[in-house]
1. Report the one residue of A164, I93, M120 whose Cα lies farthest in the direction of the positive end of the charge dipole of the chain (charges on C-beta: Lys and Arg +1, Asp and Glu -1; origin at the Cα centre).
2. Under a 10 Å cutoff between Cα atoms, tell me which one of I214, I94, I102 has the largest fluctuation in the Gaussian network model of the chain.
3. Based on Cβ point charges of +1 for Lys and Arg and -1 for Asp and Glu, what charge dipole magnitude is obtained for the range 111-259 about its Cα centre, in debye rounded to the nearest 20?
4. Assign unit charges at the C-beta atoms only (+1 for Lys and Arg, -1 for Asp and Glu), then state the dipole size of the chain relative to its Cα centre in Debye, rounded to the nearest 20.
5. Specify which residue in the list G228, G140, F205 is farthest towards the positive end of the charge dipole of the chain, using unit charges on the beta carbon of Lys, Arg (+1) and Asp, Glu (-1), about the Cα centre.
6. Name the residue from G110, L153, L36 whose Cα lies farthest towards the positive end of the charge dipole of the chain, charges +1 on Cβ of Lys and Arg and -1 on Cβ of Asp and Glu.
7. Would you look at the GNM of the chain, springs on alpha carbons closer than 10 Å, and say which of F211, F192, F181 moves the most?
8. Taking R0 as 25 Å, what's the FRET efficiency between L243 and L152 from their Cβ-Cβ distance, rounded to 0.05?
Amino acid sequence: MSYAVRDSATMLRRNLKHLRRYPGMMIMSLGMPVLLLLLFVGVFGGALNAGFATRPGGGAYVDYLVPGILLMTVGYGASMTALAVNRDMTEGIIARFRTMAIARVSVLTGHVLGAVLRTMVSAVLVVGVALAFGFRPAAGFGGWLATLGMVLLLAFALTWLAVAVGLAAKNAEGANLFILFVQVLPFLSSAFVPTDTMSGAVRWFARNEPFTPIIDTLRGLTLATPVGGSAWLAVAWCAGFTLAGYVWARALFRRDPAA
């Protein structure tokens with residue numbers, strides 16, 4: 001176990017050092033969510049605020065928006081991980097690690113821990129920017145702890161899925177499919193507008209897709225409003241994604257490269 005921990009720490013340091021070599025990863029993880037925040041608050045915010053003011057329990061649109069932006073921050077961070085793992089895979093670095101006397105689990109663990117750490121820093125910075133845009137959360141200390149735990153669960157879930165996609169993809173273009181997953185699904189959820197304003201099949205899909213209960217839970221925690229059954233659904237989706245991503249990634253990592 002001690003060898004696995006030591007080797008995982010070495011791999012974590014390797015991945016953190018890559019941030020200096022590839023600063024675009026951090027810029028992308030932070031820049032895109034901030035750009036969306038600017039777009040939806042600064043450009044569309046006036047029109048959307050007017051609509052929210054007339055809704056029961058309305059409030060400022062930026063307060064409604066930030067939980068969705070937090071989810072997309074985690075998604076963008078995971079996307080960068082999928083590309084980084086794929087680069088290691090296609091450039092033969094992972095094949096070289098397989099021949100070395102190191103704990104095999106450390107290669108994937110290092111990627112996951114580095115990505116989660118990077119994502120949590122991005123999420124904190126995004127909340128800071130949101131406060132400057134007028135975000136006024138009502139959560140107390142316990143609410144913020146629960147929010148941190150929810151974001152952490154989500155980060156582990158999407159990162160393990162991203163690692164598996166990065167290992168499975170033949171090239172960077174294939175790994176980019178994960179970006180579609182984390183960029184398109186939030187637009188078909190409660191991230192930007194309430195699901196009851198959507199029509200027909202889109203409303204049904206938005207209410208039942210995995211990101212909606214996660215966003216609703218984050219919204220309830222940050223605004224100190226009831227989360228109802230969303231919290232259990234959110235935890236269940238995150239646990240399911242984590243387990244599926246972990247099992248898939250381990251299976252791909254163990255397979256014979258020549259097969």
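The values are calculated or read from the model by the stated rules, or taken from the named source; none is laboratory data. Not measured: the values here are computed from a predicted model. Cβ sites come from the backbone with ideal geometry, for glycine too, and all protein chains shown count toward neighbours. Ligands, DNA and RNA are excluded from the accessible area calculation, which covers all protein heavy atoms including side chains. Shrake-Rupley method; radii C 1.70, N 1.55, O 1.52, S 1.80 Å.
1. Sorting the options by dipole projection puts first I93.
2. So, out of I214, I94, I102, the one fluctuating most is I102.
3. Numbers: 9 positive and 5 negative charges, 36 e Å.
It comes to approximately 180 debye.
4. Working: 20 positive and 9 negative charges, 165 e Å.
Once rounded to the nearest 20, the dipole reads 800 debye.
5. Checked the options; the winner is G140.
6. Of the options given, the answer is G110.
7. Judging by the Gaussian network model, the answer is F181.
8. Efficiency, from the Cβ-Cβ distance: 0.95.
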